[in-house]
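The values are calculated or read from the model by the stated rules, or taken from the named source; none is laboratory data. Source: prediction; values computed, not measured. Because the Cβ atoms are built from the backbone with ideal geometry, glycine has one as well, and the counts that use them run over all protein chains shown.
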Amino acid sequence: MAQTEQNSAYDVLKIPDFRKYLLARTFITLGINILGTTVGWQVYEITKDPFSLGLIGLAEFLPFLVVTLVGGYIADIFDRRKIMLTCLSLYALCAMTLYVLTHQYSVVFDWHGATPIFFIIGLTGLIRGFMSPAQTAFASQLVPPQLYANAATWTTMSWHLSSIGGPAVGGLLCAFSKSAWPSYAFTSVLSILGLGLILLIPSKHVAKAVGERTLPKEGFLASVHTGLDFVFKNQVILGSLALDMFAVLFGGAVALLPAFAKEVLEVGPEGFGALRAAPALGAFMMAWILAYRPPTANAGRWLLVAVAGFGVCTILFALSNNFWFSMFMLAGTGFFDNISMVIRSTIVQLYTPNEMRGRVSAVNSLFVGSSNELGAFESGLAAKLMGLVPSVVFGGGMTLLVVLVAWWRAPKLRDMDLR
């Protein structure tokens with residue numbers, strides 16, 4: 001008899017292809033976090049301006065915005081595995097370019113400031129616009145539907161474990177080498193390791209099983225419209241994506257951590273790396289809990305409570321002058337954010353047919369990208385206009401307001417149960 005539910009916290013790890021995918025994603029995410037941490041520190045060292053930290057997010061988001069729907073369409077008609085391999089190769093090339101510029105041609109930054117870094121980060125945004133939909137859709141093909149919540153938990157656990165190690169490694173490499181180039185070289189190596197693991201996983205067909213309807217032969221615009229229409233007519237999917245987007249858009253403080261580390265808490269790159277890793281540490285702790293107790297019962301209410309907790313921790317972090325309390329509050333943001341990530345990922349996988357997962361994943365990536373990269377720009381702009389601490393307090397307050405609006409205006413999301 002086919003398995004109809006999760007029997008243990010480790011069910012999904014018994015699938016060999018998913019284990020390879022999970023390890024590959026761990027290497028990839030570790031490299032991305034090392035690169036992101038290093039870029040933030042290097043740009044602030046060059047510019048001494050918190051607004052420039054917001055520009056990093058904008059430089060990545062705008063190219064991502066342009067291509068992500070195209071990436072979703074491509075992920076529904078081409079081999080998702082090959083798309084991932086191509087994108088990983090290009091990402092490794094971008095990291096190696098940053099290594100060469102920093103290690104051998106650092107005079108470029110004396111001439112042009114942080115502009116070359118912004119340009120390369122823009123290229124990584126283009127790459128991510130194609131890789132993210134393919135990666136998410138490919139993962140859904142590796143496990144049966146009854147294990148989607150279990151797979152989402154382990155995926156987010158892997159992501160947050162890498163997000164703990166990445167900033168810590170990036171900060172330590174910058175501190176001991178007094179330069180950013182070792183971090184960029186290590187990111188290249190990790191991208192290549194992830195590429196090698198993906199090569200070990202067989203390609204998966206996009207279409208449904210034999211006897212079921214296959215992917216319609218639509219043109220690009222019609223196909224993208226179908227994906228958008230599917231998302232915007234589904235209150236549960238749309239509500240969960242919008243809640244995450246607006247909460248993190250206003251409530252994210254991670255982009256401003258280099259400024260908090262130097263100006264408020266007065267710590268060096270080691271302390272900055274620890275602060276950058278704190279949200280992931282909290283999220284990793286929550287992921288272990290969710291592996292044993294998946295958030296399927298009353299999922300909608302748990303989602304809203306988690307986002308509210310994220311907002312409260314953000315406000316308390318902004319008001320703190322103590323390094324350890326700030327670490328604790330940042331860990332709290334990750335603790336609550338992990339709940340919403342697992343629930344949102346499960347919703348998207350359960351509610352979306354396989355032949356539309358690329359396009360729906362692209363819309364999901366667009367919402368997530370808006371909340372992270374555009375949120376980083378919003379944080380930098382707000383800090384310039386309002387001041388560092390008031391801008392983060394304001395953002396946390398707006399997150400709480402978003403939760404209240406969602407509770408009132410999205411009853412299907414509020415009352416959702418995923419059992």
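Things worth noting here:
- The set of residues in the range 286-300 that are touching a helix residue (DSSP H, G or I) at 6+ places or on another chain (Cβ under 8 Å) and surrounded by fewer than 16 Cβ atoms within 10 Å (Cβ to Cβ) contains only Trp288.
- Lone unmet requirement of (1) under 20 Å from Met131 (Cβ atoms); (2) assigned to a loop (DSSP other than H, G, I, E, B); (3) modelled with pLDDT under 80 for Gly57: (2)
- Of the helices (runs of 4 or more DSSP H) lying entirely inside the range 72-149, those carrying at least 1 residues that are small (Gly, Ala, Ser) and surrounded by fewer than 20 Cβ atoms within 10 Å (Cβ to Cβ) are 80-104, 115-140.
Quick grid of which residues meet (1) over 21 Å from Gln135 (Cα atoms); (2) modelled with pLDDT under 80; (3) touching a Ser or Thr at 6+ places or on another chain (Cβ under 6 Å):
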residue	(1), (2), (3)
Phe317	yes, no, yes
Ser326	yes, no, yes
Met329	yes, no, no
Ser361	no, yes, yes
Ser365	no, yes, yes
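- Selection from the range 96-131 of residues that are among the small types (Gly, Ala, Ser) and modelled with pLDDT under 85: Ser106, Gly113, Ala114
- Residues in the range 312-353 that are surrounded by fewer than 20 Cβ atoms within 10 Å (Cβ to Cβ) and under 24 Å from Leu69 (Cβ atoms): 3 in all.
- In the range 285-404, counting only helices (runs of 4 or more DSSP H) that sit wholly within it, the ones holding 3 or more residues that are free of Cβ contacts under 8 Å to residues at least 60 places away in the same chain span 299-319, 323-351, 375-386.
- Taking every residue in the range 155-181 that is over 17 Å from Arg25 (Cα atoms) and pairing it with any residue that is outside any helix (DSSP H, G or I) and at pLDDT below 75, at least 6 positions away or on another chain, the pairs with Cβ-Cβ distances below 9 Å are Gly171/Gly268; Ala175/Gly268; Ser179/Ser106; Trp181/Ser106.
- Subset tally (residues that are buried (at least 16 other Cβ atoms within 10 Å of the Cβ), at pLDDT 80 or above and of a type in the set (A, V, I, L, M)) for the range 399-416: 4
Each row is one residue, and each column tells you yes or no for (1) modelled with pLDDT under 75; (2) aliphatic (A, V, I, L, M).
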| site | (1), (2) |
| --- | --- |
| Ala207 | yes, yes |
| Arg213 | yes, no |
| Phe232 | no, no |
| Phe250 | yes, no |
| Glu263 | no, no |
| Pro269 | yes, no |
| Ala278 | no, yes |
| Phe284 | no, no |
| Trp288 | no, no |
